[in-house]
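K.L.:
Dropping a structure here in structure tokens format, bear with me for questions.
Derivation of every value follows stated rules applied to the coordinates shown; laboratory data play no part. All values derive from a computational prediction rather than experimental measurement. Virtual Cβ from ideal backbone geometry, glycine too; neighbours counted across all protein chains shown.
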Ligand code: PNS
């Protein structure tokens with residue numbers, strides 16, 4: 001069976017922490033699908049459209065036949081099945097991520113027991129990064145150059161008009 005993994009997330013926007021997880025996980029799989037959540041999230045509206053988020057990830061990564069980037073709607077387990085994926089990748093930064101990730105793990109396992117979820121511990125230099133913090137820094141006029149790929153920094157500058 002081909003080893004295909006899905007790395008799902010909001011990626012609003014993608015950070016150097018996400019890119020690190022992608023680069024570390026790619027060698028473990030024959031194919032890695034980066035799946036941008038396009039389900040509406042009224043509690044936390046996205047800054048970037050799903051198309052923009054996909055485009056930023058594509059531009060931030062070296063092109064590789066092993067990597068696919070696209071958006072998805074609906075349940076993650078259904079999307080993974082449609083893509084023939086048997087693994088889900090997630091990153092963990094701190095203990096505070098654990099509860100949310102554990103709940104998601106248990107629920108996804110109930111929905112599809114055949115799907116295995118694999119967790120990558122953050123590299124230390126990215127443990128402080130989150131898309132929310134990046135957006136706040138950019139909104140308030142701070143530089144995000146050390147935290148996100150150049151294409152994302154440019155988009156943030158455009159978005160907030162600096
Ligand atoms: O980057 P995020 O916001 O932590 O990613 C969360 C994401 C997109 C992985 C999660 O919300 C998700 O899988 N959404 C798709 C809908 C779904 O399957 N919900 C049930 C999860 S148990």
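K.L.:
Has the range 89-105 got at least one residue that is surrounded by 15 or more Cβ atoms within 10 Å (Cβ to Cβ), more than 13 Å from the ligand (Cβ to nearest atom) and assigned to a strand (DSSP E or B)?
P.N.:
no
K.L.:
Also, quick follow-up: Output yes when any residue across the range 59-73 is touching a residue at least 60 places away in the same chain (Cβ under 8 Å) and assigned to a loop (DSSP other than H, G, I, E, B), and no when none is.
P.N.:
No, the conditions are met nowhere in the range 59-73.
K.L.:
Go through (1) surrounded by fewer than 22 Cβ atoms within 10 Å (Cβ to Cβ); (2) more than 27 Å from residue 109 (Cβ to Cβ); (3) within 13 Å of the ligand (Cβ to nearest atom) and name the single condition residue 60 misses.
P.N.:
(3)
K.L.:
Out of the residues in the range 19-46 that are assigned to a helix (DSSP H, G or I) and out of contact with any strand residue (DSSP E or B) (no Cβ under 7 Å at 6 or more places or on another chain), state the one that is farthest from residue 58 (Cα to Cα).
P.N.:
That would be 28.
K.L.:
Against the conditions (1) out of contact with any strand residue (DSSP E or B) (no Cβ under 9 Å at 6 or more places or on another chain); (2) closer than 26 Å to residue 135 by Cβ, where does residue 71 fall short? Just the number, please.
P.N.:
(1)
K.L.:
Same structure, new question: How many of the residues in the range 118-131 are crowded, with 16+ Cβ neighbours inside 10 Å and in contact with a strand residue (DSSP E or B) (Cβ under 7 Å, 6 or more places away or on another chain)?
P.N.:
Looking only at that region, the number is 2.
K.L.:
A follow-up question, please. Does residue 6 satisfy the condition of being within 11 Å of the ligand (Cβ to nearest atom), assigned to a strand (DSSP E or B), free of Cβ contacts under 8 Å to residues at least 40 places away in the same chain and touching a helix residue (DSSP H, G or I) at 6+ places or on another chain (Cβ under 9 Å)? Lay out the reasoning, then the answer.
P.N.:
Working: within 11 Å of the ligand (Cβ to nearest atom): yes; assigned to a strand (DSSP E or B): yes; free of Cβ contacts under 8 Å to residues at least 40 places away in the same chain: no; touching a helix residue (DSSP H, G or I) at 6+ places or on another chain (Cβ under 9 Å): yes.
Against the criterion (within 11 Å of the ligand (Cβ to nearest atom), assigned to a strand (DSSP E or B), free of Cβ contacts under 8 Å to residues at least 40 places away in the same chain and touching a helix residue (DSSP H, G or I) at 6+ places or on another chain (Cβ under 9 Å)), residue 6 does not qualify.
K.L.:
Something else about it: Just need a number here: residues in the range 106-140 that are in contact with a helix residue (DSSP H, G or I) (Cβ under 7 Å, 6 or more places away or on another chain) and either more than 14 Å from the ligand (Cβ to nearest atom) or more than 22 Å from residue 77 (Cα to Cα) (or both).
P.N.:
Number of matching residues: 6.
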